[in-house]
Amino acid sequence: MILYTVKNGVYYNLEDFKKDLSDLGENGFPNKIYINLTNRCSCSCTFCLRSLKEFNEHNSLWLKDEPTVEEVENEFLKYDWSGVTEIIFCGFGEPTMRFDDLTAIAAWLKEQHPQIPIRVNTNGLSDLVFEEATASKFKGIVDTVSISLNSSDAQKYLDVTRNRFGLKSYDAMLSFAKDCQKYVPNVVMTVVDIIGEEEVAACQKVCDENGLFLRVRPYEAN
């Protein structure tokens, strides 16, 4: 599925809702739309839903083919999403793997409904993937960037994310986060509470030292 929503950790295809999306609120769903762009990712995290989640075919986040920019836009045009409270780029893979397509869609969304906040959930490694600074591409079209901090030091981060860039990935992720602050109104670092109070405190210290805001998320069990 390309567009979906989430309730209590379960993913629901937007196709299951009315065209005016009025039944989102009526059935206790948050008025948020998620965009699933790719299966690709620069990490292979130990906690990733690729290995922890199972989906039925209709509600699977696994894409048989990556949707084009036009296909994503056409999916949105099926609905009246003027009452949506947030649109989030977050799917089975890492959305910034398609950075140019992501920003093209975000710019189109802003043209259609400029009042709706747009968020990108990312691992923060796009500078390493594309071998260039990428944060400036969010300017004027993305309202929030949420970055997975995961750990309090480079070795723990590499052990968890198992990314292909090695120990330098941790500092690159933090640099990307600080760079985003120049172009995006809200930059949030996240960790899950399952890492324990001591590690959460260490992550908070990292954020404090780098002028970043930390949000501790509840762990979503399988």
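The values are calculated or read from the model by the stated rules, or taken from the named source; none is laboratory data. Computed from a predicted model, the values in this text were never measured in an experiment. Glycine also receives a Cβ, built like all others from the backbone with ideal geometry; neighbour counts cover every protein chain displayed. Protein only, heavy atoms only, side chains kept; ligands, DNA and RNA dropped before computing areas. Shrake-Rupley method; radii C 1.70, N 1.55, O 1.52, S 1.80 Å.
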**Study point:** Cut-off under 5 Å, modelled amide H: who pairs with Arg40 long-range
**Key:** Glu94
Review point. Residues of the stretch 143-198: accessible area per residue at 1.4 Å, in Å²?
Key: 47
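By average Cβ neighbour count within 10 Å, what is the ranking of 101-109, 151-159, 69-77 from highest down? Working shown, then result.
Values: 101-109: 20.1, 151-159: 16.8, 69-77: 14.9.
Packing order, densest peptide first, comes out as 101-109, 151-159, 69-77.
Do any of Lys7/Lys78; Lys7/Lys205; Lys19/Lys137; Lys137/Lys168; Lys7/Lys110; Lys78/Lys182 go past 28 Å between their Cα atoms, and which? Working shown, then result.
Numbers: Lys7/Lys78 21 Å; Lys7/Lys205 32 Å; Lys19/Lys137 32 Å; Lys137/Lys168 23 Å; Lys7/Lys110 25 Å; Lys78/Lys182 35 Å.
Over 28 Å Cα-Cα: Lys7/Lys205; Lys19/Lys137; Lys78/Lys182.
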**Study point:** C-alpha center-to-center spacing [the stretch 134-185, the stretch 106-126] in angstrom
**Key:** 17
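Where does the charge balance sit around Ile147 when Lys and Arg score +1, Asp and Glu -1, over other residues with C-beta under 14 Å from its C-beta?
Values: positive: Arg119, Lys178, Arg215, Arg217; negative: Glu94, Asp127, Asp171, Asp179.
Charge balance near Ile147 sits at 0.
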Review point. Of all accessible surface on the stretch 1-141 at a 1.4 Å probe, what whole percent is carbon and sulfur?
Key: 48
